[in-house]
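Here's the structure we're looking at; comments come further down.
The values are calculated or read from the model by the stated rules, or taken from the named source; none is laboratory data. What you see is a predicted model; the values in this text were computed from it and never measured. When we count neighbours, we look across all protein chains shown, and the Cβ atoms used for this are built from the backbone with ideal geometry, even at glycine. Accessible surface areas use protein heavy atoms only, side chains included; no ligands, DNA or RNA. Shrake-Rupley method; radii C 1.70, N 1.55, O 1.52, S 1.80 Å.
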Amino acid sequence: MSEPKPKSFEISKWAVWEAYRRVKANKGGAGVDGESMAEFEQDLHGNLYKLWNRLSSGSYFPPPVRAVEIPKRDGSPRILGVPTVADRIAQTVVRGYLEPDVEPVFHEDSYGYRPGRSAHQALRVCRERCWRQDWVLDLDLKSFFDSVRWDLILKAVAHHTDLRWVLLYVERWLKAPLQREDGSLVWRDRGTPQGSAISPLLANMMLHYAFDAWMAREHPTVQFERYCDDIIVHARSERQARQLWATIAKRLAECGLELNERKTRIVYCKDDDRRGSWPGGACDLPDTRAAHRRGQNTGDGTQRAGRPADLQVGQRGAQVGRAGESFGAWSRRAGQAAGGREAGGTGHALCQGGRADRSSRAGTEDPRPVGLDRRSRRAADPQGQARQADRVWLCRADLRGHREHSARRARDERASDFLCKRCG
């Protein structure tokens, strides 16, 4: 029996399998071939093996990307690219090899499409910095995904990996044409389809060197937040904001990018301490932000010290929580106290006054013991403990664990079938 012919590139089958699982979890639509994920899975092992074989031999050529137009807020169309299921898996394989090398290099203020980061984190950091600096430069890049230069992307990819097949397939994906609804092909000389699996990583790499690293080098004291192509820059004065606008526009032009002058704007941050006006627009900050900045006294002997106003529950009626209690546990107790707060009660979910108040409103007496912890209440209420024991077999955690175990076992069996039977 002859030995299998060695492949041109060493690509793990596990990488292909994990990429398939991630694409399946994202629930994308069909590409130009009209094949859905359910249809792809009808011959899952054969399709994955064929894809792995072509990737490993260097003979994989991506099909055209289906172009889908969706309207923007201003009425102009936004073109999204929808690759085929197999192409999305191939892109995810390359991303799995490339992302671990570039992720540690990215700037700490970059939040878009990165593991463990989200838009909520960017908004929280932006809000805190708006408390300290009065001016904001809101940058909007004009058709970023349609105007990215290929040579700069390939240069960035080559800088971070020595795998020739990664650079080869990235170049092929960049040059893959778009196919419109009428079947016509649109060939491009720049840009990366917005909607593919590899585009967010390539966009972050492009803007890291075009903006993030440049800002850290040329303006190290200026703070910013970037979520892919949405950028917020903080400034101390209107003059500094205008200077940053000019220098950033010049830098982006050197990289083949352009600011949307109609949407880019300077914003003034207003609150109780900053009552100025700005014809270009002002952002009204809630009063709690000013209280956070100066540690305003609440009037009952406690400092707000940045604690959000919606968590200041019932401190006028009774002490909330125990001394030394963590903020997480305190906030959970505060959240549980909504019922007591609505009636003007104390706010502690387990306090005697709050429970008596709720019982009197309902017209019944709460039979549960008062002032005891959970273990003591169970000991004092054996009948309730027995009822709880009877419901153990219906525990959601047990059912969820059983389902996860069954699903994991099924995945392992399918993976072993693909990884082992196809080795020859």
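With r as the distance between the Cβ atoms of R73 and S237 and R0 = 35 Å, compute the FRET efficiency 1/(1 + (r/R0)^6) and round to 0.05. Display every interim value, and only then the final one.
Details: r = 31 Å, r/R0 = 0.87.
Given R0 = 35 Å and the Cβ-Cβ separation, E is 0.70.
Among the listed pairs K27/K155; K155/K175; K250/K270, give every one whose C-alpha distance is greater than 27 Å. It would help to have the intermediate numbers written out before the result.
Values: K27/K155 32 Å; K155/K175 15 Å; K250/K270 29 Å.
The pairs that break the limit, which is 27 Å between Cα atoms, are K27/K155; K250/K270.
Let me know the Kirkwood hydrodynamic radius for the stretch 1-72, please, with Cα pairs as the basis and the value in Å to one decimal.
Working: mean 1/r = 0.0700 Å⁻¹.
Hydrodynamic radius (Kirkwood, Cα pairs) of the stretch 1-72 is 14.3 Å.
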Full-stretch length increase - K263, E41 - with 0.36 nm per residue and alpha-carbon distance subtracted: 75.5 nm
Ignoring ligands and nucleic acids, Y49 exposes an accessible area, probe 1.4 Å, in Å² to the nearest 10, of 60
Sorted list, accessible surface of protein heavy atoms, 1.4 Å probe, largest first, for K27, K155, K72, K175 is K27, K155, K175, K72
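Express in nm, to one decimal, how much length is gained between K155 and H120 on full extension, taking 0.36 nm for each residue of separation and deducting their alpha carbon distance.
Numbers: separation 35, 0.36 × 35 = 12.60 nm, distance 3.15 nm.
The span from K155 to H120 would gain 9.4 nm if fully extended.
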Relative contact order for the stretch 8-72 using alpha-carbon pairs under 8 Å, separation at least 6, rounded to a whole percent? 47
Taking a 1.4 Å probe, which of T221, T161, T247 shows the most accessible area, and what order do the others take after it? T221, T247, T161
Which length gain, in nm to one decimal place, applies between L167 and D146 when the Cα-Cα distance is subtracted from 0.36 nm times their residue separation? 5.5 nm
Selection from P177, W214, T192 lying farthest towards where the dipole of the stretch 143-260 points positive, charges on Cβ: W214
